[in-house]
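Engineer: Have a look at this one before I ask anything.
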Amino acid sequence: MGVTEFITKSDRRFMQRALMLAAKGNGMTSPNPMVGAVIVKNGRIIAEGFHKKPGTPHAEAIAIAAAGKKARNSLLYVTLEPCCHLDKRTPPCSRAIIDAQIKKVFIAMKDPNPKVSGMGIEELMKHSIDVSIGILEDKARKLNEAYIKYITTGKPYVILKVAMTLDGKIATSKGDSKWITGVEARTYVHKMRSNVDAIMTAVGTVKADNPELTVRLYKRGNIKNPLRIIIDPDLEIPLDFKIFNIPPDTILITRKTDYKKNSQDIIEKKEMLSEKGVQIIEYEGNKVDLNWLMKELGSKGICSVMIESGSSFSASCLNEGIVDKVLFFIAPKILGGKDSIPAIGGFNLRSLDEAIQIEGLKTTKIGRDIMIEGYIHDARD
């Protein structure tokens, strides 16, 4: 027994079902991956399951428990390599598969987690279980792209979201930006918010709009509001603003307090924010190093971040190379005017050869607006 590569149309169909199940955990499983599992016997599904949230049974365990004794000599389709280590709150799935006497396991992709990678497969093979690896791997990797980035780098997966007019403007010269896109696009953004661990923005956006930065327009059974991460170097945001008084939690990124130089007002404001439950991350120097910040956020178990900000901060995020994916919502409007605010400001490239390239483009019509998504390829790297 060992690794096999031959797959059929039925195998693809059952793995597609497992991927659909896995996606039900979107936004709820972090820092764990989304995983789906399907058990098949005599050509039909007899049990299935998906991972719902950290600390609860994994997909394979749920499916095996549902199948009971019928799991013996069955086929298991799972979207991620079964775990085999004990450094977690639930038992290893590889052992459950072995104990259930499953005959063959189809795995969409190896787990990039160093505690698992390849070892779960190896354990199954040692117990004479046939294994097939790589079926619909591209879809499995896309589903868990945030988890893959986080588990291999320790830093969150970063999505930059921009809503703009057809001529690339995000606001008028006076800062009016409500609403560039239609309600359908805004609802989609709220759905995206529910799927990430945190939303990040800068002080200017918060002062201009006093936003909640919560999930409101998108409704489903279990909605998770993401953390809010606000860059506010000089603590300019008033204490009565919504981000400090409406759940969920807020993390404030600000300059390190120098008790000899900082005014008493700044020191007292930090103390009041802490009393409100606001987490404060302090940095040295005049400007936050965004790559350093990503490591700090990763150390707190934040796996994915969506940036919703103004022109300057969006440019800084791109310029410092922290963005993995972009979502541009384009409204069928032309704003014009040399003083209206462009989608991306902040840096001036000298030639087209220096432009940030976007790959894997996908275009979707949402209401009257168009969403363009793609992945960052920085030609300056």
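Engineer: State whether the residues of region 42-54 include one that is open to solvent by less than 60 Å² (accessible area, probe 1.4 Å), part of a strand (DSSP E or B) and small (Gly, Ala, Ser).
Structural biologist: Yes, region 42-54 contains at least one residue that is open to solvent by less than 60 Å² (accessible area, probe 1.4 Å), part of a strand (DSSP E or B) and small (Gly, Ala, Ser).
Engineer: List the strands (runs of 3 or more DSSP E) inside region 210-325, counting only whole elements, that have at least 3 residues being farther than 23 Å from residue 178 by Cα.
Structural biologist: Ranges flagged: 250-255, 279-283.
Engineer: When you go through (1) touching a residue at least 60 places away in the same chain (Cβ under 8 Å); (2) within 30 Å of residue 361 (Cα to Cα); (3) more than 20 Å from the chain's Cα centre (by Cα); (4) not in a loop (DSSP other than H, G, I, E, B) one by one for residue 140, which number turns out not to apply?
Structural biologist: Exception for residue 140: condition (3).
Engineer: Can you tell which of 361, 335, 352 is touching an Asp or Glu at 6+ places or on another chain (Cβ under 7 Å) and open to solvent by 30 Å² or more (accessible area, probe 1.4 Å)?
Structural biologist: 335
Engineer: Mind checking which pairs have a first residue in region 326-338 that is in contact (Cβ under 8 Å) with a residue 40 or more places away in the chain and at positive phi and a second that is of a type outside the set (A, V, I, L, M, F, W, C) and surrounded by 11 or more Cβ atoms within 10 Å (Cβ to Cβ), Cβ under 9 Å, 6 or more apart or different chains?
Structural biologist: The qualifying pairs are 336/165; 336/167; 336/169; 337/169; 337/172; 337/173.
Engineer: Could you please give the count of residues in region 72-98 that are part of a loop (DSSP other than H, G, I, E, B), hydrophobic (A, V, I, L, M, F, W, C) and at pLDDT 90 or above? Steps first, please.
Structural biologist: Filtering region 72-98 down to residues part of a loop (DSSP other than H, G, I, E, B) leaves 72-74, 79-92.
Narrowing further to those that are hydrophobic (A, V, I, L, M, F, W, C): 80, 83-84, 86.
Filter once more, keeping what is at pLDDT 90 or above: 80.
So the answer is 1.
Engineer: Residue under question is residue 135, and the condition is that it be more than 30 Å from residue 257 (Cα to Cα), open to solvent by less than 50 Å² (accessible area, probe 1.4 Å) and assigned to a helix (DSSP H, G or I); does it hold?
Structural biologist: No.
Engineer: Hey, among the residues in region 26-41 that are of a type in the set (A, V, I, L, M, F, W, C) and assigned to a strand (DSSP E or B), which one's farthest from residue 69 (Cα to Cα)?
Structural biologist: Looking at the filtered set, the residue picked out is 37.
The values are calculated or read from the model by the stated rules, or taken from the named source; none is laboratory data. Note that the coordinates shown come from a computational prediction; the quantities given were computed from them, not determined experimentally. Heads up, the Cβs are rebuilt from the backbone with ideal geometry, glycines too, and the neighbour counts pull from every protein chain shown. Quick note on the areas: whole protein, heavy atoms, side chains included, nothing else; ligands and nucleic acids left out. Shrake-Rupley method; radii C 1.70, N 1.55, O 1.52, S 1.80 Å.
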